[in-house]
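All of the numbers you see were taken from the coordinates with simple rules; none came from a lab. Small disclaimer: the values here were computed from a predicted structure and weren't measured. Please note: Cβ atoms are built from the backbone with ideal geometry, for glycine as well, and neighbour counts cover all protein chains shown.
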Amino acid sequence: MRQDILDDLAANFQIVEVLDVEWPRKDFARNISRFYGKKLPDVARKVRECGEGPFTLITFIDPAPRYEARSTNAGVEQVNARIFDLKKSYRERRDSDFSVHATNSPEETRRDIFLLLQADYDDYLAQAKPWSGVPRSWRMNTAYFSGFASLRELFALLNLCCRYVVLRNYEGLPEQYVVGSHGDIDLLVESLDEVVALLGLEKESESTLRVRYYVTLESGEEVYFDLRSPGDGYYDEAWSQRILQYRSLDARGFYVPDAESFCFALMYHALIHKAHVAEDYLPKLRDAYARLFAAQELPVANMPEVLERYMLEHGFAYTQPQDPSVFFNETNIRRAELIRRLPVKTLGLRDYFDLRIRKNRLQLYLLTGRLRKAKFRFYLAFGGIYKIDIAVGRVKDL
């Protein structure tokens with residue numbers, strides 16, 4: 001169908017480029033996961049239907065876009081109906097939902113152009129010329145596939161690809177991420193799996209309970225993230241969605257909560273997620289409250305009541321986090337009926353004893369859920385090489 005599609009597009013739009021894209025086979029699945037993000041829940045099916053070989057990328061300009069409501073994987077959205085309906089017709093002819101992909105909006109195009117071609121959307125559009133008729137070969141992985149030189153690069157990618165906010169302690173970002181005793185970056189993200197795949201994050205602990213990840217910059221420095229998402233109980237799900245909806249882009253190049261969300265989310269964190277209000281949070285809370293309420297002074301002694309009024313006003317509940325490492329301080333909750341308890345994850349057998357059977361070896365991991373990743377590993381291999389390997393400390397450093 002390639003030539004038919006090219007003929008259709010040439011008749012109705014201005015083709016800019018045709019590229020023959022080929023990713024290294026060993027990197028294909030991760031490239032696909034990074035590119036589609038939360039829009040592709042079944043990566044394995046995509047690979048089965050489309051293979052891991054080359055694919056054709058066509059960029060073109062629609063001189064008369066028509067935006068209408070259409071049903072998509074993310075629900076009903078306003079999309080470029082001309083492109084969307086054309087894509088749908090190609091999929092029906094091919095009898096495959098995965099064989100043809102097309103962007104639905106300028107925002108999605110901005111993201112995809114950067115991920116696929118590592119090009120700025122505005123620059124690419126400004127330099128666009130009619131296609132010469134000769135396809136171009138492209139052999140590069142998706143943008144930042146091999147990692148980041150700095151947090152500035154990391155946030156630039158997040159800004160294009162995901163909805164997120166840095167919840168607090170971002171005074172030194174992006175140059176410095178450690179603020180006092182706070183040694184990680186607290187992110188609220190729309191889709192945890194998408195962010196993990198996009199940034200190439202690794203879990204600090206192999207435990208399924210923890211959501212602490214790290215990325216290793218090109219300098220070798222490890223930067224840690226606590227990832228929270230709607231529905232995990234860290235905040236009420238509706239509140240998490242509101243925080244993401246009303247986020248704002250900080251001048252330093254990353255998204256933060258709006259003034260109201262910052263003030264009350266920090267107040268909730270200080271009162272509910274901690275056994276005691278940390279001293280370094282009080283100046284921040286006083287400042288945030290004064291900014292929000294025309295220089296009024298924060299009634300520190302009555303903060304639980306101030307928070308409760310906000311929760312009642314917006315219909316939010318106090319939710320017990322699914323991550324058991326997060327404290328849930330019920331003494332600062334005045335009305336028990338406002339508590340919503342979610343299922344709390346507990347350690348399973350595999351967190352203590354994990355036997356993995358591979359083609360030519362047996363692997364035994366002990367206490368994986370209790371300790372940080374690679375702090376202790378008991379590993380047996382049988383077949384070909386017989387060995388017992390005991391690792392204490394970060395394995396890569398031994």
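Between H314 and E279, what's the calculated FRET efficiency when r is the beta-carbon distance and R0 is 35 Å? Round to 0.05. Provide the component values of the computation, followed by the final result.
Values: r = 28 Å, r/R0 = 0.80.
Working from the Cβ atoms, E equals 0.80.
Looking at the range 85-194 from every direction and averaging, what is the projected area of its Cα convex hull in nm²? Write down the numbers at each step before the final one.
Details: hull surface 40.7 nm².
Approximately 10.2 nm², given one-decimal rounding.
Going highest first, how would you order 225-235, 164-174, 325-335 by mean Cβ packing within 10 Å?
On the way: 225-235: 22.7, 164-174: 19.7, 325-335: 13.6.
In descending order of packing, they fall as 225-235, 164-174, 325-335.
Over all alpha-carbon pairs of the range 151-341, lay out the pair-distance distribution in 5 Å bins, whole %, shortest bin first.
Result returned by the calculation: 1, 7, 16, 21, 21, 17, 10, 5, 2, 0.
What percent of all Cα-Cα pairs in the range 2-138 falls in each 5 Å bin, counting up from 0?
Percent of Cα pairs in each bin: 2, 8, 18, 23, 24, 17, 7, 1, 0.
So what's the gap between the Cα centers of the range 237-255 and the range 2-27, to the nearest angstrom?
36
Mind sorting L201, L40 by how few other Cβ atoms lie within 10 Å of their own Cβ, fewest first? Numbers along the way, then the final one.
Working: L201 19, L40 16.
Lowest count first: L40, L201.
Within the range 102-128, whose backbone N sits under 17 Å from a point 7 Å along Cα→Cβ of R91?
Those under the cut-off are 102-105, 108-109.
Considering only C-alpha atoms, what is the centroid distance from the range 128-182 to the range 44-70, in Å?
The range 128-182 and the range 44-70 have Cα centres separated by 23 Å.
First check a/c for the range 164-258, with a ≥ b ≥ c the square roots of the eigenvalues of its C-alpha gyration tensor; if it is under 1.5, answer rounded, and if not, answer prolate when a/b is larger than b/c or oblate otherwise.
oblate
Can you give me the Kirkwood hydrodynamic radius for the range 217-274, using every pair of distinct Cα atoms, in Å to one decimal?
Working: mean 1/r = 0.0766 Å⁻¹.
Result for the range 217-274 stands at 13.1 Å.
Taking just the C-alpha trace of the range 243-331, give me its Rg and Dmax in Å.
In Å, with Rg to one decimal and Dmax whole: 13.5, 38.
If you wrap a convex hull around the C-alpha atoms of the range 31-112 and split its volume per residue, what is the figure in Å³?
On the way: hull volume 8.6 nm³, N = 82.
Roughly 105 Å³ of hull volume per residue.
What are the GluC sites (Glu not before Pro) within the range 198-264 that DSSP puts in a loop, where the Cβ has at most 16 other Cβ atoms within 10 Å?
E218, E221
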